[in-house]
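What follows is a single structure, written as structure tokens, with notes after it.
The values are calculated or read from the model by the stated rules, or taken from the named source; none is laboratory data. What you are looking at is a predicted structure, and each value in this text was computed from that prediction instead of being measured. Counting neighbours? That spans all protein chains shown, and the Cβs are built from the backbone with ideal geometry, glycine included. Keep in mind that these areas ignore ligands, DNA and RNA; they rest on the heavy atoms of the full protein, side chains included. Shrake-Rupley method; radii C 1.70, N 1.55, O 1.52, S 1.80 Å.
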Amino acid sequence: MLDKNGIAKRIAKEVKDGMYVNLGIGIPTLVANFIPAGINVELQSENGILGMGPFPTEGEEDADLINAGKQTVTLLPGAVIFDSAMSFGMIRACKVDLTILGAMEVSENGDIANWKIPGKMVKGMGGAMDLVASAKNIIVAMQHVNKAGESKLLKKCDLPLTGVNCVKKIVTELAVIEVTDKGFKLLERAPGVTVEHIIKSTDANLIIEGEIPEMSID
Amino acid sequence: MINKVVANADEAIKDITDNSTILFGGFGLCGIPENCINALVRKGTKGITAISNNAGVDDFGLGLLLNTKQIKKMIASYVGENAEFERQMLSGELEVDLIPQGTLATRCLAAGYGMPAIFTPAGVGTEIAEGKETRNFNGKEYLMEMAFDAPFAIVKAWKGDSAGNLIFRSTARNFNPLMAMAGKITIAEVEELVPLGELNPDYIHTPGIYVHRIFKGENYEKRIEQRTVKAKV
């Protein structure tokens, strides 16, 4: 079973040289820490950065320089700042190659829900609806089951949707799952996790073909 | 050149009456018009419809106007950082319209560019599409979203001059230049009010034609919402 850093490490393997990548809040933010040397990417933050760098060292924080999660960050040489309309313009125009974000639920046709629990929690969609409506490639980073122990991979989402038919891949603490035309396909299992455990933790059907390899995260 | 300079925040906002719609620049607490928010609290303007990406935190930014119940309706994309906001929303005291962040930005852009509406794929197939006109372009569905029509915009810039030209600093730019374009009356507070001619015309983000009043702000707190640092090596 993977911890949050393990999920981020596995997703970092999906990041290819030359990509522009948008990382959501939470586990997706950690992906930046594990992008291998020699892979040159530019991180986009939807509040208006391309070329986002790591957190500043203490004393170097700048209140005017934050990421979309409102965290203090730095800029890499060659970075650029723009306004929010241009930021979502480049997202809408499919210039961003890969979007990695969290989810409360994903359905087997690639629908995603991550912005509202009616009557309980309403934080808003932020940029997520824009990102999932336009991204070429969307990977969801999330826990396989929620705090109540219920599967977050469903036949159909119960919560209000953020976007439809858009998620391509899901990486959880248990597995890597691809969203295909026929539904969820199990690609890899986390170290020490059995296929049976993954099936039991998944509310939707899983397409399982042949031996499922254990994922390598190092 | 036309002189847009006013003395201070109180003078800049003096004709904002109760039940006005106001666009507020900023992202989280970054680049928010601190002086004008404080002046609105002092003036006690009520029934405000606030259009802003976020709603501040409990004791800073738009949270100050929420605490005094001066905001009647909030139009925003993300409001997760404010407990008082959540309480007022769930109890029905506060009307809330949540819209995608890119839609929010582009509805401002459209207003500033003189276009009545935009088409965006954001929200297609979700509850925010309910009741909205859709159109299919090249096999993909889009929602029609209207340009904002707001009597006031209040923004914060780094530098400005008496003609109202503005330059923003780093990610404090965010929604500020967009909202500046979208207001019928746009008020800009700046950290530095510089003499005419000092700003390089090539580097101005917001042309002064979009700005009606400008003043030098005071005592900026510039609070950091999530201070994240890494260890020194």
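Residue A:6 versus (1) open to solvent by less than 40 Å² (accessible area, probe 1.4 Å); (2) touching a helix residue (DSSP H, G or I) at 6+ places or on another chain (Cβ under 9 Å): which is the lone unmet condition? The number of the failed condition is (2). List the residue pairs whose Cβ atoms are under 8 Å apart, where the first residue sits in the range A:192-209 and is of a type in the set (A, V, I, L, M), the second is open to solvent by less than 60 Å² (accessible area, probe 1.4 Å) and in a helix (DSSP H, G or I), and the two are 6 or more positions apart or on different chains. Sorted first by the residue in the range A:192-209, then by its partner, the pairs are A:206/A:198; A:208/A:195.
Entry remark, the range B:154-169: residues being surrounded by 23 or more Cβ atoms within 10 Å (Cβ to Cβ) and within 14 Å of another protein chain (Cβ to nearest Cβ) number 5 in total.
Criterion applied to B:171, B:186 was being among the hydroxyl-bearing types (Ser, Thr, Tyr), within 29 Å of residue B:221 (Cα to Cα) and part of a strand (DSSP E or B), and the one residue passing it is B:186.
You will find that of B:44, B:80, the residue that is open to solvent by less than 40 Å² (accessible area, probe 1.4 Å), more than 15 Å from the chain's Cα centre (by Cα), free of Cβ contacts under 8 Å to residues at least 60 places away in the same chain and within 11 Å of chain A (Cβ to nearest Cβ) is B:80 and no other. Only a single item in (1) crowded, with 18+ Cβ neighbours inside 10 Å; (2) closer than 30 Å to residue B:95 by Cβ is not met by residue A:107, and it is number (2). Of the candidates B:111, B:39, B:7, B:105, the single residue that is over 15 Å from the mean Cα position of the chain (by Cα), part of a helix (DSSP H, G or I) and among the aliphatic types (A, V, I, L, M) is B:39. Hey, any hits in the range A:155-171 for a residue that's over 30 Å from residue B:120 (Cα atoms), surrounded by 15 or more Cβ atoms within 10 Å (Cβ to Cβ) and in contact (Cβ under 8 Å) with a residue 12 or more places away in the chain? No, that holds for no residue.
Does residue A:199 fit the bill of being open to solvent by 70 Å² or more (accessible area, probe 1.4 Å) and either touching a Pro at 6+ places or on another chain (Cβ under 7 Å) or farther than 24 Å from residue A:135 by Cβ (or both)? In short, yes.
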